[in-house]
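I have placed the structure first, in the form of structure tokens, so that the comments after it can refer back to it.
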Amino acid sequence: MVKILAVANQKGGVGKTTTSVNLAASLATTGKHVLLIDLDPQANATMGSGVNKQTVKQTVYQVLLGEIPVEAARVSNLRAQYDLIPSSRDLAGAEVEMVALPKREIRLKSALAGIEESYHYIIIDCPPALNLLTLNGLCAAHAVMIPMQCEYYALEGLSDLVNTIKKIRMNFNPKLRIEGLLRTMFDPRNILAQQVSDQLQQHFGNKVYRTVIPRNVRLAEAPGFGIPVLYHDKQSKGAQAYLELAKEVLNV
């Protein structure tokens, strides 16, 4: 049975796309069939998967507007061994165009109905905002992974996101749950980061993943080559951390 996981946080720069791309690649190495959906108009997950956002013709934008079936936008045979529904800058206008469409909150969920059983995991990289695109991602998902940096502003934003998830559960997607909080860009030498990490574990207990994603140069370099870090430097701390995260996700 497929598991649909939205990677979401309204705060930018916390590692959502890095996590989406590298988790998809890590799960694929275990033999699982994985689909990555880039729901962000910045299209960083598209570029990080080796697909040029400037030249790609069919994207999640047309899928959401109902112009093409999701299969038509799917890109296969990527080096990272997962399938991709790419994004482009056109997606920035989708919110305005979707406002007048019927069932605007569940258009992604409806589009996935035809192909979801072809996969073990579908990972949705949501944009850094609580907007209609993120709402579509959360309505389509079974669970949410929340990447976050261990800083105090992140704790404030987390409260807003948790409340949003509760509202979506009440109004649109009663099965939606928080699967886990992922500590990203973690520097163990930083006392504040350690303090915030301890607070997260106290408040959320086993909802905090055991795996911690460190600050790592190889993780930052890999998108420039259009590949997940596994294919840039498998022995790096970043690559090994995402392989460990994949094991946790598989065991949930």
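The values are calculated or read from the model by the stated rules, or taken from the named source; none is laboratory data. Owing to the predicted nature of the structure, the values given are computational and were not obtained by experimental measurement. Quick reminder, even Gly has a Cβ in these numbers, built from the backbone with ideal geometry, and neighbours come from all protein chains shown.
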For the structure I just gave you, tell me whether residue 108 is over 23 Å from residue 220 (Cα atoms), in a helix (DSSP H, G or I), of a type outside the set (Lys, Arg) and within 18 Å of the chain's Cα centre (by Cα). yes
List, please: which pairs have Cβ atoms under 8 Å, are six or more places apart or on different chains, and start with a residue in the stretch 206-218 that is buried (at least 17 other Cβ atoms within 10 Å of the Cβ) and end with one that is charged (D, E, K, R) and part of a strand (DSSP E or B)? 208/183; 209/183; 212/183; 213/183
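Tally the residues that are under 15 Å from residue 89 (Cβ atoms) and in contact with an Asp or Glu (Cβ under 9 Å, 6 or more places away or on another chain), restricting the search to the stretch 36-46. It would help to see each step written out before you state the result.
Just the residues of the stretch 36-46 that are under 15 Å from residue 89 (Cβ atoms), to begin with: 38-46.
Now restrict to residues that are in contact with an Asp or Glu (Cβ under 9 Å, 6 or more places away or on another chain): 38-41, 44-46.
The total comes to 7.
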Exactly one of (1) modelled with pLDDT of 90 or more; (2) of a type outside the set (Gly, Ala, Ser); (3) part of a helix (DSSP H, G or I) is unmet by residue 96. Its number? (1)
Every listed condition ((1) assigned to a strand (DSSP E or B); (2) buried (at least 19 other Cβ atoms within 10 Å of the Cβ)) holds for residue 222 save (1)
Out of curiosity, is residue 92 surrounded by fewer than 24 Cβ atoms within 10 Å (Cβ to Cβ) and either aromatic (Phe, Trp, Tyr) or touching a strand residue (DSSP E or B) at 6+ places or on another chain (Cβ under 6 Å) (or both)? no
Pairs only if they're at least six apart or on different chains, beta carbon under 7 angstrom, first in the stretch 119-135 and surrounded by 23 or more Cβ atoms within 10 Å (Cβ to Cβ), second of a type in the set (Lys, Arg); list them, first residue then second. 125/16; 126/16
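Going through 140, 111 one at a time, which residue ends up being small (Gly, Ala, Ser), crowded, with 21+ Cβ neighbours inside 10 Å, within 21 Å of residue 66 (Cα to Cα) and without any contact (Cβ under 8 Å) to a residue 60 or more places away in the chain?
Selected residue: 111, the only one of 140, 111 that is small (Gly, Ala, Ser), crowded, with 21+ Cβ neighbours inside 10 Å, within 21 Å of residue 66 (Cα to Cα) and without any contact (Cβ under 8 Å) to a residue 60 or more places away in the chain.
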For residues that are part of a helix (DSSP H, G or I) and of a type in the set (Phe, Trp, Tyr), tally how many sit in the stretch 111-130. 0
Let me spell it out: the conditions are (1) buried (at least 24 other Cβ atoms within 10 Å of the Cβ); (2) in contact with a Phe, Trp or Tyr (Cβ under 9 Å, 6 or more places away or on another chain), and residue 16 meets all of them except one. Which number is the exception? (2)
For residues that are closer than 21 Å to residue 93 by Cα and either of a type in the set (A, V, I, L, M, F, W, C) or in a loop (DSSP other than H, G, I, E, B) (or both), tally how many sit in the stretch 7-35. 5
Inside the stretch 184-201, can you point out the residues that are in contact with a Pro (Cβ under 8 Å, 6 or more places away or on another chain) and not in a loop (DSSP other than H, G, I, E, B)? 184, 185, 186, 194
Just for the stretch 139-185: of the residues that are among the acidic types (Asp, Glu) and touching a helix residue (DSSP H, G or I) at 6+ places or on another chain (Cβ under 9 Å), which one is nearest to residue 250 (Cα to Cα)? 179
Write out, first by first residue and then by second, each pair whose Cβ atoms fall under 7 Å of each other, whose residues are 6+ apart or on separate chains, and whose first residue, in the stretch 231-252, is closer than 11 Å to residue 218 by Cα while the second is acidic (Asp, Glu) and crowded, with 16+ Cβ neighbours inside 10 Å. 239/233
Given the criteria touching a Pro at 6+ places or on another chain (Cβ under 8 Å) and modelled with pLDDT of 95 or more, does residue 73 qualify? yes
Log entry, pairs with first residue in the stretch 151-168 being part of a helix (DSSP H, G or I), second being charged (D, E, K, R), beta carbons closer than 7 Å, six or more apart or on different chains, reads 154/11; 157/11
